[in-house]
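Asker: My questions will all concern the structure given below.
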Amino acid sequence: MKFNEFAHSTHQITLDEVDMSPGALGAFFRTPAAQAMKAGFEMEMIVPDMAEGGDTAEPELDYSNNPRAYDIEDILEFFSETLNARASMALSNRLENDYMEFIDDVVNSEFDKNDRGEDAVREMARNDDMSEDDIESMINNKNGRWDHYYDEVIEQIREDSISEIGFVDFLRRSQINTMSDVCTDYNLDWPLWTTPEESNDKINDLSQLSKEISSVVGMKVFYSDDYHSVPRGEDNWVLEPDGSIKAEPREGEAGLELVSPPMNISKAIEMITKTFSWAKDYGCRTDRSTGFHMGVSLPSQSTKDLDWVKLTLFLGDQHVLEKFSRSAQTYAVSSLSLLQKTAASSATLDVAAAMDAMRKGLTKLAAQEIGAPTGGKYVSVHVKENYVEFRSAGGDYLDKEQEITLTLMRYVRAMAIASDPNAYKKEYATKLYKLMSSQSKDVNNNSIELFVKYSTGIIDKQTLKQAISSGRWSRFGKAAKADADLDKQV
């Protein structure tokens, strides 16, 4: 079901507000429209037993260079620094013997498969003019010329197998793909080492912590000691430090950010439950410095047609900020407050500028007020190219799993509405009218209302022009000029 189809089929609300109660959100959440979206989250937290300083860094094995294994020669070359001449020869012989034993198993299997071997023996015996009775006696009793024929058939199958199954096939069928697999299976010493850079505020045990979280989420967790140095992926999580979190290094704490990949909405909620449970069991804590950012994407994976103003008005952004005590947060400035400031400034616009603002849903003015592109990400609703980041939730949130889940549902609901220009059109017009009139002391309310109705499709261009020409839009100048400006804009 498409978003506009869903909006029309469930449009039962006649008041100014869309029902965002838990029951209504849950009902929408179960629809195909909601399940077609994807969501991810960034979980900022303060993790215990992670920081120390001043110790001398110890060398550690380096598995960052782990090439694939293809033949005996490149295996011996890779491990040459850990093998003397005798050990190298022994490893070569072991690999060769294992390969031939593998071939022998294949040969015996092929000989027995569908009586292939015995049929070949029969054919050779017939070519030597042996009678059928003698052939059957030879096969059943394994006497006479059986050994001769058997050896010839086995040798032929062996030649065929070796030509078809190379050494690399033996490795792959033995689950040996990389040099680390060779190292494990043949009990070798890994040849590559690295010495981590020393730092007075080095975060330790990220490797072990990432493995533990990986076992919880069931996916790979990549980690780094540097902020935003690990690329995000569709099939992995990211664990890294975040300097904006107010941890206490002297107490062994570290401020870390756990970032999920985008996933099905239901899967995202499942992961919220799992990661919250893990974090509390591990002793993590959250406070005013920690955020819980959620990203939601439409099925189209594009936000070019998303109405930012509509999203902000229907979201209840200020409600979410207040629920998580984030109203004064520098890193989550209310998008609604920015929108209200923009609306207030529009009172001084002339006809063309006002029309342009209304026709574009105030997006351009809002972006200027936010200061995009610098600093623009620190707003509660941050529209990116292929998803929207919501930064309203956070604070001391670990004991608010239910509120977090309902907030994600709220975001999904608002995204569906904001992506469909036909959804809640009258409610949108009413919200825009209230926004503009409440923020503008000198604005002719009748004129603003006409603008709102036209921009949201309630009245057409001709009706708007007639209203302007009749003098009901006197604040913006002469009717002739307004009419000319209107022709340029619509």
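Just so you know, all these numbers are worked out from the coordinates, no wet-lab data involved. Just so it is clear, the structure is predicted and the values come from calculations on it, not from any experiment. Counting neighbours? That spans all protein chains shown, and the Cβs are built from the backbone with ideal geometry, glycine included.
Asker: I want to check the label-to-label distance for Glu403 and Glu60. Put each point 7 Å from Cα in the C-beta direction and report it in nm to one decimal.
Answerer: Each label point lies 7 Å from its Cα, and together they span 3.7 nm.
Asker: Hey, with R₀ at 30 Å, roughly what FRET efficiency would Lys384 and Asp71 work out to, going by the Cβ-Cβ distance, to 0.05?
Answerer: 0.05
Asker: With point charges of +1 on the Cβ of Lys and Arg and -1 on the Cβ of Asp and Glu, referenced to the Cα centre of segment 72-185, which listed residue (His148, Phe167, Thr184) lies farthest in the positive direction of the dipole?
Answerer: Toward the positive end, the furthest listed residue is Thr184.
Asker: On a 26 Å Cα-Cα criterion, which of the cross-link pairs Lys38/Lys400; Lys267/Lys431; Lys267/Lys426 come out too long?
Answerer: Violating the 26 Å limit, Cα to Cα: Lys267/Lys431; Lys267/Lys426.
Asker: Take peptides 88-101, 36-49 and line them up by average Cβ neighbours within 10 Å, highest first, as a rough protection proxy.
Answerer: 36-49, 88-101
Asker: Run the quick spin-label model on Ala85 and Asp151: label points 7 Å from Cα toward the beta carbon, then report their separation in nm to one decimal.
Answerer: My value for the distance between the label points is 3.7 nm.
Asker: At Asp160 and Lys246, where each label point lies 7 Å from the Cα along Cα→Cβ, what is the point-to-point distance in nanometres?
Answerer: A separation of 7.7 nm, rounded to one decimal place.
Asker: At a 10 angstrom cut-off on C-beta neighbours, averaged per residue, how do the peptides 258-267, 64-73 rank from highest to lowest?
Answerer: Answer by packing, highest mean first, reads 258-267, 64-73.
Asker: I need the trypsin sites (Lys or Arg not before Pro) found in segment 121-173, filtered to DSSP loop residues with at most 11 other beta carbons within 10 Å of theirs.
Answerer: Those satisfying the criteria are Lys142.
Asker: For Gln301 and Gln208, calculate 0.36 nm times their separation in residues minus their Cα-Cα distance, and state this gained length in nm to one decimal.
Answerer: Result for the pair: 30.1 nm of gain on full extension.
Asker: Residue separation times 0.36 nm, minus the C-alpha to C-alpha distance between Asp128 and Asp235: what's the value?
Answerer: Using 0.36 nm per residue and subtracting the Cα-Cα distance, I get 32.2 nm.
Asker: Could you work out the per residue convex hull volume over the alpha carbons of segment 72-185, in cubic angstrom?
Answerer: 125
Asker: With a Förster radius of 22 Å, plug the Cβ-Cβ distance of Asp105 and Tyr186 into 1/(1 + (r/R0)^6) and report the FRET value to the nearest 0.05.
Answerer: Using R0 = 22 Å, I get an efficiency of 0.70.
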